[in-house]
């Protein structure tokens, strides 16, 4: 029965720490934009996010189409 005197305050302390951590996340704005992260994961590239985006010549991540050299493969 003596262990209850140790475990009960410990459980209350841990619960209070968890509650304070949750309150801190609410105050810091962690839950303000719930849909933004989901849509950022779905977006394909930067052009959809920023219409003024101009890719540089070294920033081409899209695969290039094969070049037809006039060879006839049958």
Once the Cα gyration tensor of region 2-43 is diagonalised, what are the square roots of 5 times its eigenvalues, in whole Å and ordered largest first, as equivalent ellipsoid semi-axes? 37, 11, 4
Would you mind getting me the FRET efficiency between residue 12 and residue 37? Use the beta-carbon distance for r and R0 = 35 Å, nearest 0.05. 0.55
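Full-extension gain between residue 21 and residue 2, please, as 0.36 nm times their residue separation minus the C-alpha to C-alpha distance. Working shown, then result.
On the way: separation 19, 0.36 × 19 = 6.84 nm, distance 2.97 nm.
Once the chain is fully extended between residue 21 and residue 2, it gains 3.9 nm.
Every number here is computed from the coordinates shown, using simple stated rules; none is lab data. Please read these numbers as outputs of a predicted model, since none were measured by experiment. Counting neighbours? That spans all protein chains shown, and the Cβs are built from the backbone with ideal geometry, glycine included.
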